[in-house]
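Below you'll find the structure, written out as structure tokens, and then a few comments.
The values are calculated or read from the model by the stated rules, or taken from the named source; none is laboratory data. In this text the structure is predicted, and so the values were computed from the model without any measurement. Neighbour counts run over all protein chains shown; Cβ positions are idealised from the backbone, glycine included. Ligands, DNA and RNA are excluded from the accessible area calculation, which covers all protein heavy atoms including side chains. Shrake-Rupley method; radii C 1.70, N 1.55, O 1.52, S 1.80 Å.
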Amino acid sequence: MTSSATTSTYRLQVRFHETDLMGVVHHASYLWYCEAARVDWLHKRGIAYDSWVKHGIHLAVVESKLRYKSAATFDQLLDVVTTVAEMTRVTVRFAYDIRRGDTLVCQAETLLAFVGDDMRLK
């Protein structure tokens with residue numbers, strides 16, 4: 001079960017350069033959508049990623065997973081529903097449902113590790 005404490009929604013409009021020759025959102029674009037939604041998730045909770053960077057703390061993506069369910073095309077509105085699925089002392093796993101209205105377009109996950117400037121776990 002999700003709650004507003006762990007879940008938020010980020011809306012985007014598909015831009016032309018995010019599509020392939022078939023006019024469908026290119027598979028790699030979904031990772032950009034996840035990143036934008038993840039930063040939005042942080043902002044909605046008053047967390048400025050750049051303030052962490054100033055203190056030598058970074059969130060490094062160490063794993064990503066995407067499952068494509070339906071095609072999205074240029075100019076469509078998509079909602080990226082972002083949820084913290086798991087958190088440990090040194091990692092956080094985000095789950096994403098990317099939707100066009102009621103249609104599930106893509107399910108994704110990213111695992112991020114808290115690391116310092118030296119790339120060691122924090």
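Of the residues 30, 49, which single one is touching a residue at least 40 places away in the same chain (Cβ under 8 Å) and aromatic (Phe, Trp, Tyr)?
30
Just the residues that are charged (D, E, K, R) and closer than 16 Å to residue 31 by Cα, please, taken from the stretch 78-117.
Listed by number, the residues that qualify are 79, 93, 97, 99, 109.
Among the residues of the stretch 32-41, is there at least one that is open to solvent by 60 Å² or more (accessible area, probe 1.4 Å), assigned to a strand (DSSP E or B) and at pLDDT 95 or above?
Checking the stretch 32-41: not a single residue is open to solvent by 60 Å² or more (accessible area, probe 1.4 Å), assigned to a strand (DSSP E or B) and at pLDDT 95 or above.
Just to be sure before I move on: is residue 7 touching a residue at least 60 places away in the same chain (Cβ under 8 Å) and open to solvent by less than 60 Å² (accessible area, probe 1.4 Å) in the structure I sent?
yes
Within the stretch 73-106, how many residues turn out to be in contact (Cβ under 8 Å) with a residue 24 or more places away in the chain and either β-branched (Val, Ile, Thr) or in a strand (DSSP E or B) (or both)?
Selection size over the stretch 73-106: 21.
Residue 52 is checked against (1) among the aromatic types (Phe, Trp, Tyr); (2) modelled with pLDDT of 95 or more; (3) in contact with a strand residue (DSSP E or B) (Cβ under 9 Å, 6 or more places away or on another chain); (4) in a helix (DSSP H, G or I) and fails just one. What number does that condition carry?
Among (1) among the aromatic types (Phe, Trp, Tyr); (2) modelled with pLDDT of 95 or more; (3) in contact with a strand residue (DSSP E or B) (Cβ under 9 Å, 6 or more places away or on another chain); (4) in a helix (DSSP H, G or I), residue 52 violates only (2).
Are there any pairs with C-beta distances below 8 angstrom linking a residue in the stretch 107-122 that is surrounded by fewer than 17 Cβ atoms within 10 Å (Cβ to Cβ) to a residue that is among the hydroxyl-bearing types (Ser, Thr, Tyr) and in a loop (DSSP other than H, G, I, E, B), with the two at least 6 apart or on different chains, and if so which?
No pair meets every condition.
Taking the stretch 10-30, which residues are of a type in the set (A, V, I, L, M, F, W, C), surrounded by 14 or more Cβ atoms within 10 Å (Cβ to Cβ) and not in a strand (DSSP E or B)?
Once the filter is applied, which keeps residues that are of a type in the set (A, V, I, L, M, F, W, C), surrounded by 14 or more Cβ atoms within 10 Å (Cβ to Cβ) and not in a strand (DSSP E or B), the stretch 10-30 yields only 14.
Applying the selection to the stretch 63-99, what residues are farther than 16 Å from residue 38 by Cα and either of a type in the set (Ser, Thr, Tyr) or surrounded by 17 or more Cβ atoms within 10 Å (Cβ to Cβ) (or both)?
Matches in the stretch 63-99: 68, 70, 72, 73, 88.
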